[in-house]
């Protein structure tokens, strides 16, 4: 019984919202706005459910003991502290921003920074793992774009750097062509996948 | 601002950020306990912050506020999302998660419709039109008169766009022997498209790298800004 | 009167004689008859046998035979109703003194059958090519007349066999349910019914499974069913393996039969050819050597006579000569107990099928091994395809020698020494060569004992054992070998990290700001112009849609632009689809304020509208109804921004003077473009994007008409903006601060990638060289 209900909800509301994009009926557009707004509210609840689930999982890990429980303790503690502090002072309160600026911001930035090392390593390894025309093109594009990103030792390399340099040409012509093809392909894929859901062929909601 | 000018909370926060940065950088020497601890702290903080933001931004003003203080019509208005939100809470229980399926289905259905509508109106129509207009000299030719470059650029972009799209065309007929294979001309054009895709991915890779490199520069600058005053006592 | 030389013994004979007075071979060729005549004629002098009852979809020829039965004429065989012992006798023990049988041509039904079989049989095309012409030409018919009587009789059996083939074919066409289908016997032999076997072959095997006890008249068969036999329709089927007709006690024909089966298959239909080839392959795989010396006496005689006949019997032309000879040879030698080639091959297949189900790998034999065996069966068919007309059976090529189904025929054919017996009663009264029922019935045959082992070679067995061990070892936990603490990847990563950090640190430490900032780029110029053209106290919606991870880059790129807006006195409404957006927005405002000295504080100067959950859905909702979706600011007072701030002038997003999105994610950028841009109604949309998002956002900027009106891309874009507006941020632009370090570290990265890539390339080439050398050594 539950399966048809879920599918019916997805199909019905999805079709109404989709129709609101293409049929210039004020009532339909209003209905679409309401439905989308409701979905935003439910998405917020989903975020809460996700956090609750995270808490539950690590609570069980903490109760299990062992080395992993220490990490789980850290996670739960930081989560609860954040909940309390940010809950009390609001998301833009001074202490809330203190937590954000002192903990989340540096950690995330540092993770991104360490990615540079990994990227250089993987780019170098590419030549070892695979060597064909396309990997060669890929590697050449990477090197040329990087070299054209900034002057070398303060010297602007002609034909490579600057608005008329090779870097700009690569970025503005072949990369745009490829990216436009990718964007159109992604859009078509979105439509195909979405329509499968809207006709009930795919039910990723557990129905 | 030097460390000496900072308030205690700011100083503590800066030092905390400094050590956390070093703990993450320790990953360069391999996975270690400090790195893992930092990651777990990060997950906890970000989850907690997201939950509170969602509460402050959406759930309280748009769900509970009308429910508690709103008029009858406002209460009726939020009845549907309230019920679905209630159902969604069951997703936290593995045993009763099926109760939340209608809410997830609603999210998926609306999300998919929004995605389709946006893809058609925001990408397919305008980008197709933009590709068609590439050779429209009246609409977009540069005023300085480099017409040949303009046309060559347009032709290249059209070629790249079309062949890249063909690369993503996976329709193939069954053959008597061997795996299904696209027709030869499609295969050829797909290979041309692959060239454009390789260049595009190369540009994306370079972009990701420069972004992460900038993040590293910002972090190193931060370390320097904290470490040097600590050393010099300023 | 001229003498006519016997084509067989070469001795002169009077012209009027039809048969050689020395060797009894036919001298005068028989008149060829039309297929219709052939059809209407009784098939030799074979004893009439019951066809076994009515069948609904029986073929025309069989109907005819029934008709002739009704008319009291000799009836054709129904070989399935015929006991093996009877088949033997009918085949072999026909007295040589008997009148020559009427020759038979190839009837219509057989021709049509062959043509259909050629068209429909799932054989490779070259098999069809290898099929000799079956239709006898007039000249062939004349030659056919020279077939001795006993051979003609065998040919009549051949005809019956073809008739059965026709019936078989009818089964395939769905005209008649198969015995195997009725009894489900095929399930017993499912070991060979894999997907790799053609349906017709599978059905055929299933067809062969039942052994029809026809040692008694049909009536008796139906009345006295032995235990273990099942009556299905009108057929009596023993649900065991088809071994009843195979007597282990009986001397067997081994080697030379194999050499004869091959040529015969060229004459027989495709379906049968496949079986013969399969049997041959199996037998060849068993490696049983031919032993001509061990042939029994009667068979040796036959061998001799056959050798004599070889040169003389030319019923089907040059090619058909050999073929006819071959199958006749096969009938003579192999048909002692089962006169039909089909019987022979079915037995061999039955043997194979039996052995398949047992042995060391019963039940757990890997599929690939089964398929390999089946493919070996199929692979043997090229042997069938070889045009055998120019091959003398005595001079078989070695490959064909190797493929002889020696073991396949073993234990199948008994030698009966009761030649010359005359039936004294019953419908066969007076017939010679017909075995009396009593002795044969009394001679209960034991099922042949076959090696219940899978016929695999040692290497196959070794491979199977290896596979078995591999599969078993999967379930056993193994210790993961400890990784060395220092590996080359680890070292390489450390080197990269050290080089990058030291390069940046060097630039930071020196505080060098010598590298020139990028000039004004077209997209930056467009952005700058848009902001320059903003009205006083403009309403700007600022999407802070990036993550803290890339805050360093995004703030460096956007700081000057935001400062530019602030200088224009714009009222900023901050919004984000990321949960960290509100905090990042505050961080950005604070950073810009600290750099420029412009203190943008309070709800009077900007409103942090907060977080829009749901991604694209949230954006769509906000684009449609911003007042409902984000009614309050995230300030301590939770201000109702749409009524108490300058934002009250904006009824919707089109009411803003500018929408600026700062994002590091191409998906988020796309969501803004797809969901928000169409609702702006002319309000410009500009983006400050990370370099990682640039390739997928630039098509929207380079579109005509533009979907994104201006862009600032990454650190270089921020530097370009700072360069063009040097008064912004009081000259303390973040891009300027980072630019030298960026320039040098990019160069370091390029060198690292190039060197590392080169080293890896060389390593790869060296490894490949080593590998090829090792392969060559092998």
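For residue B:214, state whether it is surrounded by 22 or more Cβ atoms within 10 Å (Cβ to Cβ) and within 7 Å of chain A (Cβ to nearest Cβ). Taking the combined requirement at face value, the residue does not satisfy it.
Could we say that residue C:554 is modelled with pLDDT of 95 or more and assigned to a helix (DSSP H, G or I) here? Spelling it out, residue C:554 is indeed modelled with pLDDT of 95 or more and assigned to a helix (DSSP H, G or I).
In the condition set (1) over 20 Å from residue C:688 (Cα atoms); (2) within 13 Å of chain A (Cβ to nearest Cβ); (3) within 55 Å of the chain's Cα centre (by Cα), residue C:772 is compliant with all but (2).
Being outside any helix (DSSP H, G or I) and in contact with a helix residue (DSSP H, G or I) (Cβ under 7 Å, 6 or more places away or on another chain) holds for only one residue in C:542, C:561, C:517, and it is C:517.
Residue by residue, here is whether (1) within 11 Å of chain B (Cβ to nearest Cβ); (2) out of contact with any helix residue (DSSP H, G or I) (no Cβ under 9 Å at 6 or more places or on another chain); (3) surrounded by fewer than 19 Cβ atoms within 10 Å (Cβ to Cβ) holds:
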{"site": "A:153", "(1), (2), (3)": "no, no, yes"}
{"site": "A:158", "(1), (2), (3)": "no, yes, yes"}
{"site": "A:161", "(1), (2), (3)": "no, no, no"}
{"site": "A:164", "(1), (2), (3)": "yes, yes, yes"}
{"site": "A:167", "(1), (2), (3)": "yes, no, no"}
{"site": "A:177", "(1), (2), (3)": "yes, no, no"}
{"site": "A:181", "(1), (2), (3)": "yes, no, no"}
{"site": "A:193", "(1), (2), (3)": "yes, no, yes"}
{"site": "A:203", "(1), (2), (3)": "yes, no, yes"}
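Pairs meeting the criteria (first residue in segment B:89-115 and more than 7 Å from chain A (Cβ to nearest Cβ), second residue modelled with pLDDT under 95 and not in a helix (DSSP H, G or I), beta carbons under 6 Å, at least 6 apart or on different chains) are B:90/B:96.
Being more than 8 Å from chain B (Cβ to nearest Cβ), surrounded by 14 or more Cβ atoms within 10 Å (Cβ to Cβ), assigned to a helix (DSSP H, G or I) and at pLDDT 90 or above holds for only one residue in A:79, A:62, and it is A:62. If the condition is being loosely packed, with under 14 Cβ neighbours inside 10 Å and either within 7 Å of another protein chain (Cβ to nearest Cβ) or over 28 Å from the mean Cα position of the chain (by Cα) (or both), then segment A:4-47 contributes A:4, A:5, A:23, A:24, A:25, A:26, A:27, A:30. Would segment B:71-78 turn up any residue that is within 30 Å of residue C:490 (Cβ to Cβ), over 28 Å from the mean Cα position of the chain (by Cα) and free of Cβ contacts under 8 Å to residues at least 60 places away in the same chain? So far as segment B:71-78 goes, no, none of its residues is within 30 Å of residue C:490 (Cβ to Cβ), over 28 Å from the mean Cα position of the chain (by Cα) and free of Cβ contacts under 8 Å to residues at least 60 places away in the same chain.
The set of residues in segment B:15-27 being closer than 10 Å to residue B:223 by Cα and within 7 Å of chain A (Cβ to nearest Cβ) consists of B:17, B:21.
The residues listed here are A:124, A:141; of these, the one that is touching a helix residue (DSSP H, G or I) at 6+ places or on another chain (Cβ under 8 Å), within 25 Å of residue C:764 (Cβ to Cβ) and more than 7 Å from chain B (Cβ to nearest Cβ) is A:124.
Entry remark, segment A:82-103: residues being part of a helix (DSSP H, G or I) and facing chain B (nearest Cβ under 7 Å) number 10 in total. Of the numbered criteria (1) more than 7 Å from every other protein chain (Cβ to nearest Cβ); (2) modelled with pLDDT under 90; (3) buried (at least 16 other Cβ atoms within 10 Å of the Cβ), the one residue A:148 fails is (2).
Under 29 Å from residue B:232 (Cα atoms) and more than 7 Å from every other protein chain (Cβ to nearest Cβ): is that true of residue C:511 in this structure? Yes, satisfied. Within segment B:165-206, being facing chain A (nearest Cβ under 7 Å) and loosely packed, with under 11 Cβ neighbours inside 10 Å holds for no residue. Residues that are under 21 Å from residue B:56 (Cα atoms) and surrounded by fewer than 19 Cβ atoms within 10 Å (Cβ to Cβ) do occur in segment C:641-650. Restricting C:682, C:719 to residues that are at pLDDT below 95 and away from every other protein chain (no Cβ under 13 Å) narrows the list to C:682.
The values are calculated or read from the model by the stated rules, or taken from the named source; none is laboratory data. Keep in mind it's a predicted model, so treat the numbers as computed, not measured. In this analysis, Cβ positions are derived from the backbone assuming ideal geometry, glycine residues included, and neighbour counts consider all displayed protein chains.
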